Amino acid sequence: MQSRLVAAYIIILVIPSIGVSNYIFKQISDTYISETLNQNGFLLEIEKMSMLGQIEAMEMAAQLSVTDQRVTDYLMTREELGTDELMELSRGPVKDLAGIQTNNPNIAHLRLFTNNDRVNEMWPIIFHERRVVKEPWYAEVSDLNGNEKWVFSQRDPDLLRRYAADVNQEAPKVSLLREIHMRNRHVGFIQVEMLLKHFAPKTFAGIQDDGSQMAISDQGGNMFMDKNQKFLARNGDLQNAVQTEFQKLLKRGDGEPAARNAQFEVNGRPYLLMMVPVERLQAHLLNVVSLEGALNNVSKAQRQIIFANIGLIAILAVTTYFMNAIILKNLRRLTEKMKKVRRGEVQTGIDIRGGGEIGELAHHFNKLLQTINDLIAQGVRKQALTKEAELRTLHSQIDSHFLYNTLENIKMLAEMEDQRTISDALTSLGGMMRYNFKWSGEYVKLKDEIRHIRNYIDVMNIRFDEPIMLLLNIPSEFLELEVLKMSLQPIVENAVKYAWNGRSEEKRLIKIDVVEMEEDKITIVVTDNGSGIESYRLGRLNETIRLAGREREADPGGCGNAGREGGGIGLMNVHQRIQLFYGKAYGLEIRSEEGTYTSVIMIFPKVLLTGGGNGFEKLNDRR
């Protein structure tokens, strides 16, 4: 008991300790994750606000570039201008367009593309449209009817192709593209471009950070990031995982402009992906953060708490052990005394001073010993009285043969008085009584059950003006097969009571057929030509029988609700008995046609109750 008490105290402490520790662990982890989300979410929002400001600047530059009527007239001119006019245009409106770019140095390019061959190119502002006709965005922008299109690119090539060395130079940029559409016709395109290091300064700041990195994902899912940072840009596995998690967030998202996040692992290291949409660009701003440092802090805190709990539980277990040893000293004395009493070594009590539960237990133990001694003496006296009562009972028993002999005497008197009907009825009744009283087992031969049914029909025909005819179609080789005792009689009894409902104008017939269903099964069919059963009642009756079988399976020691409600041995009881003794594959089923017939189909295993030469030696022998 001392060990169990110590174990119980430890369990009582460990379970709450585990629950509280898990709660604390979760709170610490949630706190670290929440702080990481808040810090990096704040950085994302600041970067998004910066990007929105640059978007406003680029849209303003695009709008101002087509507000000068002299520029639009030149783009739509139908004749080539002279040198003086071109010079005047260059010094005036074209210079003003260049001033827009000068006033906003973050804008890398401000260009107007025209499809008018009469327009002369004025670098770096006005160009012919054929220079960009092969660009991927050309056809799409042409179909936008003046709406803007934002395009991200990994490099900023020289439009005039003057410097071959600059073709592969990495210079990620974002372009605002819009069609110039005037007087119901296409005039050209506006292109405003900004390098991403100016457009998203925190994302492309070039600051080395081993714990996080921002990136931009465009409408096509392409990622743009600072290639000089090694956290994400130089980690291919991490980039692939970010792409996968990003697509999951897009599918999970509800389309609202709110930040969403996901945690994932790459090569056993935890990461956090945060995403905020930039709707005007049809793009997303991403921030990938390593959670390794935060989770290391959580693990360190967990270890400290675990070690503290283990130390506390160990100290408490040792203290509890020694305290219980002192408290349970008298209890051990009482236990040893009980063992001696059990072995019959002593019959005296124990002297334990002091109060408390153990003292009270010792007092009741002493009283118990006294009661046991009194009961032993009483038991000896009762045993003698019981033997005497058994002898008197044996003398007063009535032999069941007394009833059979009495029926035989009455039968002889009936024959002497030439009352053959009464004599035959008494013969059948006597056979039924012998069959009922002689219950030596659950199994009988089929021929014995049939003989009992014949006797039952003979007795019942005394009550009816129109007798019931019993037709048997049973092959002789089946008469030695076993069935459950009193399994056919309830079926026949139901037919006698309910089949004809008082109708006497037609011949009453009960037919019993026995056929071989399979190699190891027989089917016994009891059919009457009565009024039948309505279809809805028939379905309900079959369902009740099936439910009775299930109740027997769930309650093997009972008879099921259906059987109890039936008031004795009925159809449900027969079905339950068959399944109880033979299995679920056997039982009975009712078929009927209203106004024509009712058949009860019973399935039994083909088992030979006694030996013989009928060809069934291969089957089980119940002897």
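Could you check the spin-label model distance between residue 182 and residue 248? Points 7 Å from the Cα along Cα→Cβ, value in nm.
For residue 182 paired with residue 248, the spin-label model returns 5.3 nm.
Quick check: convex hull over the Cα atoms of the stretch 1-111, volume per residue in Å³, rounded to an integer?
It comes to 128 Å³ per residue, whole-number rounded.
With each pseudo-label sitting 7 Å past Cα toward Cβ, what's the residue 35-residue 601 distance in nm, one decimal?
7.7 nm
Give me the accessible area of residue 59, 1.4 Å probe, in Å² rounded to the nearest 10.
Surface open to solvent at residue 59 totals about 30 Å².
Between residue 234 and residue 10, what length comes free when the chain is fully extended (0.36 nm per residue of separation minus the Cα-Cα distance, one decimal in nm)?
Length gained, residue 234 through residue 10: 75.4 nm.
For the stretch 443-532, count the residues as N, evaluate 2.2 N^0.38 Å, and divide the Cα radius of gyration by that value, please.
Cα-based Rg divided by the globular estimate yields 1.12.
If I model a spin label as a point 7 Å beyond the Cα along the Cα-Cβ vector, how far apart are those points for residue 145 and residue 301 in nm?
Result for the modelled spin labels: 5.7 nm.
Need one value: the accessible area of residue 303 in square angstrom, 1.4 angstrom probe, rounded to the nearest 10.
Accessible area of residue 303: about 120 Å².
Can you pull the percent of Cα pairs in the stretch 173-220 with separation above 16 Å?
58 percent
State the Cα centre-to-centre distance between the stretch 189-245 and the stretch 61-116 in whole Å.
34 Å
If each residue of separation counts as 0.36 nm, what is the full-extension length gain between residue 421 and residue 332 once their alpha-carbon separation is subtracted?
Working it through step by step, the gained length comes to 23.7 nm.
Provide, as a two-decimal number, the C-alpha radius of gyration of the stretch 226-343 over 2.2 N^0.38 Å, N being how many residues it has.
Numbers: Rg = 29.7 Å, N = 118, 2.2 N^0.38 = 13.5 Å.
Dividing the Cα radius of gyration by 2.2 N^0.38 Å gives 2.21.
When the C-alpha atoms of the stretch 571-612 are aligned to their principal axes, what extent does each axis show, in angstrom, from largest down?
43, 24, 15 Å, listed from the longest principal axis down.
How big is the stretch 96-245 in terms of Cα radius of gyration and Dmax, in angstroms?
17.6, 56
The values are calculated or read from the model by the stated rules, or taken from the named source; none is laboratory data. What you are looking at is a predicted structure, and each value in this text was computed from that prediction instead of being measured. Virtual Cβ from ideal backbone geometry, glycine too; neighbours counted across all protein chains shown. Side chains are part of the model used for accessible areas, which takes the heavy atoms of the whole protein and leaves out ligands, DNA and RNA. Shrake-Rupley method; radii C 1.70, N 1.55, O 1.52, S 1.80 Å.
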